[in-house]
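Worksheet: one structure, shown below.
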Ligand code: LLP
């Protein structure tokens, strides 16, 4: 992403400082120190609203994928917009409830749901369990029967569609651990349909993340519709189709489809089919909603120019933002202030203080840097804080939500002693 190109609701003020809505990055760091994650409420709302608009009058539900950014402040903004949620642990469900979200509008995905998690979700009145294996289906049936409840379920089918994204975040291929092979789903649906403690409510599929082309979504929708027909022939009627998340965003030079293109690709398949015309479409977007809304603000601690490589050592590290280290992701990094005209442009390795060579936020970035400069890693609203750790005993960053001129601290920086608060010295003998 060229330096001049900023995500919506990010801009430069008269003196060239980066602004998030009406608040400058400098003001935020003055109050909250660095590194700090900052999110724009308007950006989150506008992404959600773009999806809503693309559905128009069509029945749908947008289940925000909580894993992308699970701060209860963000979940609350989305709950107020009427979002449902895609969760993958009981912990995420508990967060949704703490944020004022409705468990009845949640779908529970994930290949390894424990018995406690299934019980907890049924007690909370989960909207739908997305089942990922025959063994899990059996476990859900047993638990629901013991609780004298009826569990609403969908099978998460694996349509064997290549999402053409990074192998770690591609989920819809035969070789992936996710879902039930679409060709093996029919007998399981028949079994579930006949089971008194299960209610078949839908079909679910999610083929991967950071997709930059709509055709895999279309292919997956076609395969799901094909299964829906085979179910209908056997008298199994559905109440929804869940077509997952995965819409990509622009980090540097990607050209992802717009919200309307994604929804249109799905609708071109589903709306054309008389069986599904009235059926609500559910989707599970995470990155598209939270990603462009957030930036990680970080300060340059030291510059270490070298003959072969020049390093800018910043105060954020792979523990704060893991994507570059884990996937080799390129994320745009911009100066949050205006560089004075007398500086030389150099090419910098943007690295953190962690004792690993893999601790980098960006390679070979052309920037006019000086010690003490404030930088912003853009597109960091999704899979940023939610993947953060305390490696090297680094407290996790603060998180703030900007709403116009107002800044809400939605998570304070972790106090150092909280990092070992659950630890104990061994009892002396
Ligand atoms: N639904 C299910 C079942 C998922 O597994 C995921 C993401 C989503 C929805 C949301 O996908 P999205 O709309 O955000 O693409 N940490 C990686 C991404 C991992 C995605 C895992 N599943 C990254 O930083 O790129």
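The values are calculated or read from the model by the stated rules, or taken from the named source; none is laboratory data. Just so we're clear, the structure is a prediction, and the values are computed from it rather than from any experiment. Reconstructed Cβ throughout: ideal geometry from the backbone, glycine too, with neighbour counts over all protein chains shown.
Overview of values
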quantity: Residue 287 at pLDDT 95 or above, within 11 Å of the ligand (Cβ to nearest atom) and at negative phi; calculated: yes
quantity: Test: residue in segment 222-239 that is touching a residue at least 60 places away in the same chain (Cβ under 8 Å) and crowded, with 24+ Cβ neighbours inside 10 Å; calculated: yes
quantity: All positions within segment 319-361 that are touching a helix residue (DSSP H, G or I) at 6+ places or on another chain (Cβ under 9 Å) and within 15 Å of the ligand (Cβ to nearest atom); calculated: 320, 321, 322, 323, 326, 327, 329, 330, 331, 361
quantity: Subset of segment 85-104 (residues that are assigned to a loop (DSSP other than H, G, I, E, B) and more than 15 Å from the ligand (Cβ to nearest atom)); calculated: 99, 100, 101, 102
quantity: Residue within segment 264-276 that is at pLDDT 95 or above, within 14 Å of the ligand (Cβ to nearest atom) and within 21 Å of residue 85 (Cβ to Cβ) present; calculated: yes
quantity: Of all residues in segment 47-82 being within 16 Å of the chain's Cα centre (by Cα) and without any contact (Cβ under 8 Å) to a residue 40 or more places away in the chain, the one that is nearest to residue 390 (Cα to Cα); calculated: 75
quantity: Options 300, 269; residue that is touching a residue at least 40 places away in the same chain (Cβ under 8 Å), farther than 22 Å from residue 383 by Cβ and not assigned by TED's automatic domain parsing to the domain that holds residue 76; calculated: 300
quantity: Total residues in segment 60-73, condition under 18 Å from residue 294 (Cα atoms) and within 13 Å of the ligand (Cβ to nearest atom); calculated: 7
quantity: Segment 297-318 - residue that is surrounded by 24 or more Cβ atoms within 10 Å (Cβ to Cβ) and more than 13 Å from the ligand (Cβ to nearest atom) and, of those, farthest from residue 87 (Cα to Cα); calculated: 312
quantity: Residue list for segment 403-426, restricted to those being in contact with a strand residue (DSSP E or B) (Cβ under 7 Å, 6 or more places away or on another chain), over 16 Å from residue 44 (Cα atoms) and outside any loop (DSSP other than H, G, I, E, B); calculated: 409, 411
quantity: Test: residue in segment 273-281 that is out of contact with any strand residue (DSSP E or B) (no Cβ under 8 Å at 6 or more places or on another chain) and free of Cβ contacts under 8 Å to residues at least 40 places away in the same chain; calculated: yes
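Matching residues to (1) more than 15 Å from residue 269 (Cβ to Cβ); (2) away from the ligand (no atom under 14 Å from the Cβ):
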{"position": "176", "(1), (2)": "yes, no"}
{"position": "179", "(1), (2)": "yes, no"}
{"position": "190", "(1), (2)": "yes, yes"}
{"position": "201", "(1), (2)": "yes, yes"}
{"position": "210", "(1), (2)": "yes, no"}
{"position": "216", "(1), (2)": "no, no"}
{"position": "222", "(1), (2)": "no, yes"}
